[in-house]
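To keep things clear, I will list the structure first and then write my remarks on it.
The values are calculated or read from the model by the stated rules, or taken from the named source; none is laboratory data. Quantities reported herein were computed from a predicted structural model and do not represent experimental measurements. Positions of Cβ are backbone-derived with ideal geometry, glycine not excepted, and every protein chain shown enters the neighbour counts.
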């Protein structure tokens with residue numbers, strides 16, 4: 001042990017063994033000084049032990065050319081396991097929050113990473129794998145720390161190979177791929193694009209046979225053998241492996257209570273809700289028509305959507321509008337130009353926060369400016385009120401106009417509702433049908 005202690009003691013005392021300045025000059029009298037005369041404190045047993053302890057703490061006492069006694073360097077799995085156990089023992093024995101304890105914890109982490117690297121040697125893994133409708137893509141990032149959805153342990157990207165499903169973003173180690181028993185949530189979204197619209201439909205642990213609703217592991221509310229965690233979306237209970245206490249906005253609570261507080265959901269529900277959130281599958285008029293009576297923002301958004309639907313015929317027949325791709329300003333809300341009663345969960349969240357009202361008002365202004373001011377072709381498709389024959393050119397999306405439901409003619413709102421006669425355009429069309437002789441082929 002003394003042979004290995006001396007180099008550490010020399011390094012700690014900052015001696016330069018290659019400095020021969022004094023030897024060349026020689027000591028007074030030409031006598032070589034003894035070891036104790038040279039540096040008495042260097043070779044005392046007390047100072048030597050203190051220097052060795054500090055050197056070991058800093059990792060300077062390791063001899064990288066031999067295998068010194070007491071070193072944590074290991075070359076195989078068994079020795080690594082023994083070194084890990086030794087580190088654990090030292091961590092418990094050392095003073096709490098001491099520097100030596102912190103250094104030993106760091107050493108323990110490096111030993112475990114080395115053991116993981118030996119257990120999972122680097123292999124030529126395929127870049128794409130298909131399993132249970134998952135499309136797993138090999139990740140190239142080495143610095144991002146993720147958690148494996150299968151074994152619930154950390155993915156150390158620096159030394160471990162891991163995959164991510166491009167459909168539902170399920171992450172796992174390469175070694176866990178063959179253990180996966182959950183199908184891709186995106187397939188469920190493709191085949192069943194609808195929400196559970198009952199608020200937390202709980203059925204009870206007894207109906208689940210006191211087992212996790214997904215992996216069938218025994219669970220109980222007392223936490224033995226595993227804690228039962230309820231998913232606020234499905235109402236069922238899950239184990240801690242399938243339920244990580246993730247939170248999400250529940251669609252049923254939004255539609256019935258206009259409540260947007262995130263609730264705890266299981267992993268599969270969280271992925272399903274994340275994939276469904278931009279999909280326009282909520283028909284509020286059928287599910288809860290009274291919601292429009294209590295939420296003023298919904299009424300405002302409905303009016304803006306109705307106006308945009310009336311603007312659509314102008315854009316699809318206008319060359320300039322098609323070249324400018326004005327309708328694409330709606331981005332991921334293209335369902336706004338398809339109907340005015342279907343909403344996505346993201347729409348409702350943005351309505352509650354006020355973001356949708358601001359952005360949609362700005363888009364509405366841009367669309368109206370193109371039709372009424374910028375484009376001559378769109379202006380030529382305007383209407384003149386046939387009842388009063390006064391005023392400017394009218395458009396169906398103007399706030400002071402009314403539209404005939406039969407012929408789509410546009411009038412001033414005051415003129416159309418105050419006039420007791422029928423629509424002049426509808427009257428002309430009816431008269432024309434009576435005046436035209438019947439076609440002989442129809443007989």
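Details
- Among the conditions (1) without any contact (Cβ under 8 Å) to a residue 24 or more places away in the chain; (2) under 30 Å from residue 370 (Cα atoms); (3) in contact with a strand residue (DSSP E or B) (Cβ under 9 Å, 6 or more places away or on another chain), residue 278 misses just one, which is (1).
- Complete set of residues in the range 218-248 that are more than 20 Å from residue 270 (Cα to Cα) and modelled with pLDDT of 90 or more: 218, 219
- Some residue of the range 166-185 being in a loop (DSSP other than H, G, I, E, B), surrounded by fewer than 17 Cβ atoms within 10 Å (Cβ to Cβ) and modelled with pLDDT of 85 or more: yes
- Counting only residues that are closer than 14 Å to residue 312 by Cβ and touching a strand residue (DSSP E or B) at 6+ places or on another chain (Cβ under 6 Å), the range 354-402 holds 1 of them.
- Answer residue from the range 71-84, given it is modelled with pLDDT of 85 or more and within 38 Å of the chain's Cα centre (by Cα) and is surrounded by the most Cβ atoms within 10 Å (Cβ to Cβ) among those: 84
- Selection from the range 245-275 of residues that are in contact with a helix residue (DSSP H, G or I) (Cβ under 6 Å, 6 or more places away or on another chain) and without any contact (Cβ under 8 Å) to a residue 40 or more places away in the chain: 246, 248, 259
- Selected residue (only one of 345, 327 is crowded, with 17+ Cβ neighbours inside 10 Å, without any contact (Cβ under 8 Å) to a residue 40 or more places away in the chain and farther than 30 Å from residue 153 by Cα): 327
- Residues that are in a loop (DSSP other than H, G, I, E, B) and either closer than 25 Å to residue 278 by Cβ or in contact (Cβ under 8 Å) with a residue 24 or more places away in the chain (or both), drawn from the range 135-157: 139, 144, 148, 149, 150, 151, 152, 156
So that you can scan it fast, the table gives a plain yes or no per residue for (1) in a loop (DSSP other than H, G, I, E, B); (2) under 30 Å from residue 292 (Cα atoms):
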{"residue": "347", "(1), (2)": "no, yes"}
{"residue": "360", "(1), (2)": "no, yes"}
{"residue": "364", "(1), (2)": "no, yes"}
{"residue": "369", "(1), (2)": "no, yes"}
{"residue": "373", "(1), (2)": "no, no"}
{"residue": "385", "(1), (2)": "yes, no"}
{"residue": "397", "(1), (2)": "yes, yes"}
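- Note on the range 250-317: enclosed helices (runs of 4 or more DSSP H) holding 3 or more residues that are surrounded by fewer than 18 Cβ atoms within 10 Å (Cβ to Cβ) and more than 23 Å from the chain's Cα centre (by Cα) are 284-287, 291-294, 296-316.
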